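Visitor: The structure's right below; bear with me while I get my questions together.
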Amino acid sequence: MTTAPGVRRLLAALSALLLGLLAAAGPGAARTVLDGRVDPSIPWAITELTWDMHDTDLRTRWSAQESPAGDWADSYDVAVIVGGTARPVETLRVPYWSGRFGDVPSGTSITWSVRASGGGVDGEWASFTTRTGGHAPGDVLDLQVESDPEADALEVSWTAPAEQVADYWVTLDDGAHGSARTFNTSSARVRVPMTQGRTPVELRVRAGNAYGWSYGSSLSTFYEDVPAAPSEVNARPRAGGFALKWQMVRWADHADRWEVLVDGQVVPSEARHGGVGRNMLADIEGLATGQEYEVGVRAVNEHGPGIVSSVVARTYALPDQVAAPRVKPGVKGGGLSVRVSWTPPLDWGGGEECCYRITGHGPADRAGVPALVERWSDAPATRFDFPVGRAGKWRFQVEAKTGAGFSPISDPSRRVRAR
């Protein structure tokens, strides 16, 4: 089959035009996007573009940055230039591509480019240049890490694969920088600065050469240093102290013990598990009321004290004692009850008004045991129809409660017969 001269000239013109467009857009020279942290103003930027050439077979994978609105790309345009000749552009719906170049001599240059599109907007081209007749390296072997707490660094090392390697691409995610950090090195070792105490780390190392990148060797490990900072520290005011609550990091084995600090000084306090998830609790006592304190907590392990998490909180005084409540028989037909009323405390002690605890003392049963019934009423209510469930005379006491605790219990009321 032959091609008419006019058609050959048209194809040559289209190839030249495509080459010119790719060169103007950037991918005319080999450019590999390895770092996921890209300029958010670039629409549909291609990230983590990798490829693997094996003799005449080429496989590529990539990711595309989502739009500022959180949308994903609709499609991908793939342009391939083989030995200086552009092939027709392909449009794909998936972020991977494979092709075979068995129709060209070994060593033929391949320039491969991709761009993402969405919402009628085309992103920038990203590309690489490789050649037929070789293959990408295999995965690295014996991936290892060693912590250096004194230098705040993590040493990552590995054994090179059998194939020739030009450089390595190391991805490290410790959850502390908003996205994974990437490092390129030509040696089988990289030193990574660490600043977050004992930290969980996800590692991946790829080997690369002119024919592409290995799939990658992965490792989940820890940077072994002083413990990481606890989270969600909450100091709930108490009279002369605080009820302290916090969450340990997800990996609970990082702490040998816990230390509680007040204004930067360690104070006696016994930490205990809160019974749910990662919650921890401790009580702080012996402080002056009505004052602000910086309250903190840190974990300690074999490397020393960890990072402190702290909050500023104020202790409160207890509410004043409530006067003896007033009582009268309950409403008719409502069952055995007593109407109890009282006056709020003159001073709530600075804490948030919560509620009242009302205690009823009733007649003894046949065994001689007096009745004792508790009920609660939310502040600011000052009256409560108290169901007693037993005939006879009753008397009552009231306590006011805030986050700091209970007021002294009131004197008992006069006795009244339930109705």
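Visitor: Identify, please: which residue in segment 64-107 is without any contact (Cβ under 8 Å) to a residue 40 or more places away in the chain and open to solvent by less than 20 Å² (accessible area, probe 1.4 Å) and is, among those, farthest from Ser127 (Cα to Cα)?
Guide: If we take residues in segment 64-107 being without any contact (Cβ under 8 Å) to a residue 40 or more places away in the chain and open to solvent by less than 20 Å² (accessible area, probe 1.4 Å), then Val82 is farthest from Ser127 (Cα to Cα).
Visitor: Checking Gly333 against (1) part of a strand (DSSP E or B); (2) without any contact (Cβ under 8 Å) to a residue 60 or more places away in the chain: exactly one of these is not met. Which one?
Guide: Result: Gly333 fails condition (1) only.
Visitor: Here is a further query. Quick one: which residue in Gly389, Gly351, Gly360 is modelled with pLDDT under 90, of a type in the set (Gly, Ala, Ser) and crowded, with 16+ Cβ neighbours inside 10 Å?
Guide: Gly351
Visitor: I'd like the full set of residues that are under 16 Å from Thr199 (Cβ atoms) and in a strand (DSSP E or B), limited to segment 284-304.
Guide: Arg298, Ala299, Asn301, Gly304
Visitor: In segment 281-318, which residue that is crowded, with 19+ Cβ neighbours inside 10 Å, β-branched (Val, Ile, Thr) and within 25 Å of the chain's Cα centre (by Cα) is nearest to Pro237 (Cα to Cα)?
Guide: The selected residue is Val295.
Visitor: Also, I was wondering about something else. Considering only residues of segment 134-154 that are open to solvent by 40 Å² or more (accessible area, probe 1.4 Å) and in contact with a Pro (Cβ under 8 Å, 6 or more places away or on another chain), which is modelled with the lowest pLDDT?
Guide: For segment 134-154, the residue satisfying everything is Asp152.
Visitor: Something else now. Which one is farthest from Thr47 (Cα to Cα), of the residues in segment 111-128 that are open to solvent by 10 Å² or more (accessible area, probe 1.4 Å) and in contact with a Gly (Cβ under 7 Å, 6 or more places away or on another chain)?
Guide: Within segment 111-128, the match that is farthest from Thr47 (Cα to Cα) is Ser117.
Visitor: Restricting segment 32-63 to residues that are open to solvent by 70 Å² or more (accessible area, probe 1.4 Å) and touching a Ser or Thr at 6+ places or on another chain (Cβ under 6 Å), which is modelled with the lowest pLDDT?
Guide: Selected residue: Arg37.
Visitor: So which residues in segment 174-211 are of a type in the set (D, E, K, R), farther than 30 Å from Gly133 by Cα, crowded, with 17+ Cβ neighbours inside 10 Å and at pLDDT 85 or above?
Guide: Asp174, Arg181
Visitor: Given (1) crowded, with 19+ Cβ neighbours inside 10 Å; (2) part of a strand (DSSP E or B); (3) of a type outside the set (Val, Ile, Thr), identify the lone condition not met by Pro345.
Guide: (2)
Visitor: Hey, another quick one. Just need a number here: residues in segment 140-184 that are among the hydroxyl-bearing types (Ser, Thr, Tyr), closer than 19 Å to Thr47 by Cα and part of a strand (DSSP E or B).
Guide: Residues that pass the stated criteria total 3.
Visitor: What are the residue pairs meeting all of these: first residue in segment 124-145, first residue in contact (Cβ under 8 Å) with a residue 12 or more places away in the chain, second residue assigned to a strand (DSSP E or B) and among the basic types (Lys, Arg), Cβ atoms under 6 Å, and 6 or more apart or on different chains?
Guide: Trp125/Arg115; Ser127/Arg31
Visitor: Quick one: in segment 392-416, which of the residues that are among the basic types (Lys, Arg) and surrounded by 14 or more Cβ atoms within 10 Å (Cβ to Cβ) is nearest to Arg314 (Cα to Cα)?
Guide: The residue in question is Lys401.
Visitor: Looking only at segment 363-386, filter to residues that are open to solvent by 60 Å² or more (accessible area, probe 1.4 Å) and within 30 Å of Leu244 (Cβ to Cβ); which one of those is nearest to the chain's Cα centre (by Cα)?
Guide: That would be Asp378.
The values are calculated or read from the model by the stated rules, or taken from the named source; none is laboratory data. All of these numbers come straight from a predicted model, not from anything done at the bench. With ideal geometry, Cβ positions are generated from the backbone for all residues, glycine too; neighbour counts draw on all protein chains shown. These area figures cover heavy atoms from the full protein model, side chains too; ligands, DNA and RNA do not enter into them. Shrake-Rupley method; radii C 1.70, N 1.55, O 1.52, S 1.80 Å.
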